[in-house]
Structure formats: C-alpha cells, structure tokens
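Written out below as structure tokens is the structure these notes cover.
The values are calculated or read from the model by the stated rules, or taken from the named source; none is laboratory data. The model shown is predicted, which means the values in this text are computed figures rather than measured ones. Glycine gets a Cβ as well: all are built from the backbone with ideal geometry, and neighbour counts include every protein chain shown. Just the protein is used for accessible areas: all its heavy atoms, side chains included, with ligands, DNA and RNA removed. Shrake-Rupley method; radii C 1.70, N 1.55, O 1.52, S 1.80 Å.
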Amino acid sequence: MNQQLSTDERARMAAHDGPLLSVRDLTKRYGQRIGCDDISFDVWPGEVLAIVGESGSGKTTLLNCISTRLPATSGTVTYQMRDGQPRNLFEMEEAERRHLLRTDWGFVHQNPADGLRMTVSAGANVGERLMAVGNRHYGQIRETATDWLSRVEIMAERIDDQPRAFSGGMRQRLQIARNLVTAPRLVFMDEPTGGLDVSVQARLLDLLRGLVADLGLAVIIVTHDLAVARLLSDRIMVMKDGHVIETGLTDRVLDDPQAPYTQLLVSSILQV
Amino acid sequence: MSTILDLMAEQPSSDLAHYNFAYLDEQTKRMIRRAILKAIAVPGYQVPFGSREMPMPYGWGTGGVQVTASILGAEDVLKVIDQGADDTTNAVSIRKFFEHVAGVKTTTSTEEATVIQTRHRIPERPLEPGQTIVFQVPIPEPLRFLEPRETETRAMHALEEYGLMHVKLYEDIARHGHIATTYAYPVKVAGRYVMDPSPTPKFDNPKMHRNAALQLYGAGREARIYAIPPYTEVVSLDFEDHPFEVNRFDRPCALCGAENVYLDEVVTDDAGGRMFVCSDTDNCESRRADGHVGEMGVPAAEAAE
Ligand SMILES: [Zn+2]
C-alpha cells in the first residue's frame with residue numbers, strides 16, 4: 001500500500017529535487033547586436049540570485065527574456081509548475097503564461113508606476129490579483145489587503161488612498177505587496193531600490209530581506225548596486241556585454257573576485 | 001449645429017429623398033449585417049465594423065442608427081426612445097430621419113414596434129419574440145475605465161481575464177460603502193464575455209437576462225457592434241457580500257400609479273413643486289388609458305375632455 005504514491009505525492013517529491021527555474025543557452029539578438037548570449041543557469045526554490053552589471057551589460061534583457069516579457073532568439077527556460085511538472089515557458093499557451101505571471105510569479109519594476117495602477121486605491125492594487133484568480137468576497141479581499149499593507153509597513157488607514165498620494169518608498173512597498181499577495185514562489189526584481197534616497201533604500205532592503213526569508217521566496221534580482229546584491233542575494237552572476245563573466249556565492253564573488261572585470265567592479269564600489 | 005431636422009426643414013425636396021432605402025447603400029448595409037450576425041453568434045463579443053458618417057453628430061447615436069438602418073425592412077414599425085421618452089429632440093429626430101429615408105411606419109407604442117432604438121432605457125413592458133431592441137452605445141469597452149491600452153483589453157477578453165471589472169466594483173464599495181455604479185453596470189453574457197450595457201440604468205439589467213427580444217448594440221465612434229440573442233443568460237457582476245441590487249423607488253408613478261418602474265423627477269411649478277413619474281412615457285400613457293390613476297394624475301376620460 002504505502003509504496004503506491006499518488007501523482008500528487010510524486011510531484012511534491014520531485015519539487016524538492018529539481019531547480020525551480022532552468023535557463024539553457026538563452027540568446028537574445030537585436031539584428032546583429034547581442035542582448036545576451038548563450039546564458040545558462042539554475043535557480044533553486046528559496047534562492048536569491050543577483051544579476052549584476054553596468055548598464056548595457058544585458059542584465060535587464062536577460063531578466064525580461066526569462067520572465068517571458070520579451071521573446072528570446074533561442075534557448076529554453078524551464079519552470080517547475082506548482083504541480084511539480086517542469087514546463088518550457090516559451091512553448092506555453094498565452095493564457096497559461098499570463099496566469100503564471102499573476103499567481104506563482106511576481107515582477108517588481110524599478111519605477112512603481114510601471115507595476116501599479118496609479119488611479120485605483122492601495123487596497124484594490126493589492127486585491128487585484130485575488131480578484132483575478134476568482135475571489136469574489138469583498139470583505140475577505142479587503143482583510144487580506146489590510147494584512148499585506150501592514151506587512152510592507154503601510155498603515156491600514158491608507159488603504160483607500162491612491163498610490164499617487166504615496167512617497168516613492170511607499171509606492172515601492174505597495175508594489176511588493178501587490179505581487180506577494182498570491183504567495184508566488186518566484187519574484188523578478190528590476191533595480192527595485194533604484195531612484196530612492198539612500199535611507200529609504202536601506203529600509204526597503206531590510207523589508208525585502210525579511211519578506212524573502214519569511215516566505216522562502218526565490219528571487220532573481222537585477223541590480224547595478226553591489227551593496228544591494230550583497231545584502232539580498234545568495235548567489236551572484238556578473239554580466240558584461242551580454243555575457244556571464246563570473247558566477248558564484250555572493251560572499252565569495254565579492255570578497256574574492258576571480259575575473260578581472262569583477263575585480264574592477266568590486267574595487268570601484270569600494271571607492272564610493 | 002446642423003442636424004438632420006434642419007436639413008429636412010431647409011430642403012423639403014432634399015437630396016435625402018434620393019438616398020438608398022434607410023440612407024445607407026446596400027454594400028454598407030451588408031457589411032454591417034455581417035458584423036451583426038457575427039455579434040449574434042458570439043454573444044457579448046465586440047465586433048469591429050466600418051462605421052460610416054451619418055448626417056448627425058456622434059453623440060446622437062450614430063452607431064445605433066447604422067444598426068437600425070441595416071436591419072429595417074419596409075414592413076417594420078420603428079419606435080425610438082431617449083431616456084424612456086418618445087418625444088425628446090433626439091428621439092424625434094431619429095424617428096423623423098427613418099420616416100424620411102426609409103418611409104417606415106413609426107410608433108410610440110412598445111407593443112406595436114418591431115424595432116426599438118434606445119439610448120438608455122429598456123421599455124417596462126416585456127419585449128416579445130420577434131422584436132429587436134437597438135442600443136446607442138457611447139463607450140463599448142467595459143475595461144476601458146482601468147485599462148486604456150486597446151491591445152491589452154483585447155487580450156483580456158480573449159483570455160477571459162476579467163479581474164479588472166471587480167477592481168472597479170471594489171473601488172465603488174471602498175469609496176461609497178456599496179456598489180454605486182447605476183449606469184453602464186457591467187454584465188457577463190452567456191457565461192463568457194463581459195459587456196458594457198451602454199448608458200442603460202442598472203435598473204434595466206434584469207430585463208436583459210433571458211429577454212425574448214434580440215438586443216443589438218451599436219457604437220458609432222468606436223465602430224463596434226455587439227449583441228445578446230433572445231433568451232441569453234445575462235448576469236450582473238457583483239461580490240458575494242455585496243450582491244447586485246437594482247435601485248428601488250420608494251413610491252409609485254404620480255400619474256399612473258405604476259410600482260417597480262423607473263421614475264424620473266419632474267419639476268411641476270416655480271415654487272419647487274415636483275413629482276415622480278414613469279420614465280417610460282408609453283408605459284405611463286397606456287396605463288392611464290387603461291384607467292390607472294396615480295396620486296397626482298387625472299382619470300384618462302377627464303384628461304381627454
Ligand atoms: Zn406612470
């Protein structure tokens with residue numbers, strides 16, 4: 001009896017085995033120009049990977065390709081769905097892909113206005129994903145929204161205010177809450193602290209670190225700021241001109257960079 | 001503003017008389033009929049069509065006028081209402097227009113009409129099999145309120161992603177404590193497409209559900225046609241804890257005593273006197289003709305004297 005596993009159980013066991021996301025030989029070209037070239041890596045459940053590099057390094061192009069926001073020229077991205085089955089994202093139906101994007105994934109944009117609805121209330125911004133997946137109970141949606149606002153340190157009495165009335169830091173925290181409300185397993189972040197004052201950045205990073213740990217989130221974060229990578233990530237991938245220069249555990253790469261380019265990056269950040 | 005009425009007044013034997021039956025040429029009518037057929041086949045889906053210039057401003061319901069022009073036959077009897085009334089400028093002009101260019105019989109009687117063109121109301125008298133009601137639609141896209149990108153709203157319809165409609169209702173409740181939308185209240189048609197019932201008051205939403213008549217919607221400026229075939233399921237969107245409710249009026253019509261009808265407030269004198277009467281003028285008149293009298297009404301026999 002007990003050696004007979006249900007499909008569900010097998011799936012759950014498999015889920016503990018494999019990577020959450022596998023990128024293989026991913027290339028994006030714009031005509032002759034290379035966006036990113038022949039990139040392969042894995043992200044494991046609960047792991048935070050920072051993709052670092054200067055502007056033009058291809059890090060944002062790579063992020064947009066693996067999150068299916070931009071079609072890749074070649075290569076595959078395989079994602080382990082909630083049922084434990086690995087799926088090639090580039091062969092997925094649009095309906096399923098969009099469903100994945102607003103349930104099991106999150107995407108935090110650098111500019112909160114790109115990820116929020118600026119003309120609807122904070123509560124509705126957080127509640128939208130719940131309504132999108134079929135929640136039809138106003139009271140429950142509002143309760144969940146209130147709870148999430150407090151988790152990102154926004155006072156409950158601001159629930160009916162529009163993000164237009166919020167500071168930059170609050171908008172970014174609201175964007176994070178809006179993404180996390182469906183308990184995604186993977187969140188993409190594009191320079192989430194960019195454009196914020198240093199003190200606001202510090203508070204946001206602190207909050208992010210806590211949420212990532214509490215929720216066991218896997219995160220792929222793109223940043224030019226090695227301090228952000230140091231604080232948040234387990235692993236670092238350094239990019240330049242569309243290529244991966246160096247990859248490894250964050251502390252190892254930042255304390256003992258091997259590639260000359262990484263050494264340059266690290267030393268320039270130390271000078272600041 | 002030069003309207004069709006002015007045109008007809010200025011030129012009694014105007015060129016309008018030489019236009020095709022119902023103004024539009026046969027090729028255009030065929031094109032619009034194809035769009036209508038497609039709309040009927042896919043209830044609630046917005047079908048694009050090649051909207052034509054009509055001899056009246058867009059605000060006058062050129063979408064509805066084009067739909068009506070394409071379906072009218074010589075035997076049809078046309079009724080036109082604005083709000084619920086047959087006698088407003090807009091309703092009179094459109095009725096005169098079709099009398100002129102199609103020579104069809106017109107009526108104010110809901111019962112007699114085979115085609116009813118409306119800007120807001122659905123008549124109180126239940127429509128019958130074989131009747132067609134044509135709505136003049138200003139903004140056909142129910143998702144436009146929160147999503148201005150046309151490519152995105154199209155994808156949302158195609159993929160049945162309608163969470164955004166509930167965001168709109170959520171905002172209503174958050175702001176007003178209840179769903180305050182009283183016009184253009186969104187509905188789901190045949191369990192599939194979410195549709196904007198034009199500026200129809202939500203009071204009339206239940207009339208759309210399993211109506212025996214064919215309901216056609218025409219948006220002129222945005223060049224869209226959509227339809228609800230007879231006896232189709234039409235569900236008004238809501239929340240479990242804030243269910244859809246029609247607005248109730250706490251009194252009957254002052255003239256005919258009708259209850260559970262849509263009432264308009266009418267100012268009766270300079271001293272601020274006012275009364276509430278049927279917005280559906282045909283309904284009110286036929287009830288009074290049948291002997292119903294409201295608290296401020298006069299029996300039909302006396303009124304005739
Ligand atoms: Zn009445």
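The residues on offer are A:GLU91, A:GLU153, A:GLU96, and the sole one that is among the acidic types (Asp, Glu) and within 13 Å of chain B (Cβ to nearest Cβ) is A:GLU96. Scanning the stretch B:120-155 for residues that are part of a loop (DSSP other than H, G, I, E, B) and in contact with a Gly (Cβ under 7 Å, 6 or more places away or on another chain) yields B:ARG121, B:VAL137.
For the stretch A:5-26, the condition of being surrounded by fewer than 17 Cβ atoms within 10 Å (Cβ to Cβ) and at pLDDT 95 or above holds for at least one residue.
When B:ASN211 is tested against (1) farther than 30 Å from B:MET54 by Cβ; (2) out of contact with any Lys or Arg (no Cβ under 9 Å at 6 or more places or on another chain), just one condition goes unmet, and that condition is (1).
Which of the residues that make up the stretch A:216-244 are open to solvent by 40 Å² or more (accessible area, probe 1.4 Å) and of a type in the set (A, V, I, L, M)?
If the condition is that a residue be open to solvent by 40 Å² or more (accessible area, probe 1.4 Å) and of a type in the set (A, V, I, L, M), then A:ALA227, A:LEU231, A:VAL244 are the ones that fit.
Any residue that is acidic (Asp, Glu) and surrounded by fewer than 19 Cβ atoms within 10 Å (Cβ to Cβ) - is there at least one of those in the stretch B:75-85? Yes, the stretch B:75-85 contains a residue that is acidic (Asp, Glu) and surrounded by fewer than 19 Cβ atoms within 10 Å (Cβ to Cβ). Taking the stretch A:39-151 as the region of interest, the helices (runs of 4 or more DSSP H) fully inside it that hold 2 or more residues being open to solvent by less than 30 Å² (accessible area, probe 1.4 Å), free of Cβ contacts under 8 Å to residues at least 60 places away in the same chain and of a type in the set (D, E, K, R) are A:122-132. Within the stretch A:27-38, the set of residues being in contact with a strand residue (DSSP E or B) (Cβ under 9 Å, 6 or more places away or on another chain) and either open to solvent by 20 Å² or more (accessible area, probe 1.4 Å) or of a type in the set (Ser, Thr, Tyr) (or both) comprises A:THR27, A:LYS28, A:ARG29, A:ILE34, A:ASP37, A:ASP38. Just one of the listed residues (B:GLY64, B:GLY59, B:GLY50) is in a helix (DSSP H, G or I) and surrounded by fewer than 16 Cβ atoms within 10 Å (Cβ to Cβ), namely B:GLY59. From the list A:ASP161, A:ASP251, the lone residue that is within 14 Å of chain B (Cβ to nearest Cβ) and either assigned to a loop (DSSP other than H, G, I, E, B) or modelled with pLDDT of 95 or more (or both) is A:ASP161.
The rows are residues; the columns are (1) closer than 26 Å to B:PRO43 by Cβ; (2) open to solvent by less than 50 Å² (accessible area, probe 1.4 Å); (3) not hydrophobic (A, V, I, L, M, F, W, C).
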| site | (1), (2), (3) |
| --- | --- |
| B:ILE228 | yes, yes, no |
| B:VAL235 | yes, no, no |
| B:GLU245 | yes, no, yes |
| B:ASP250 | no, no, yes |
| B:CYS253 | no, yes, no |
| B:ALA258 | no, yes, no |
| B:VAL277 | no, yes, no |
| B:ALA289 | no, no, no |
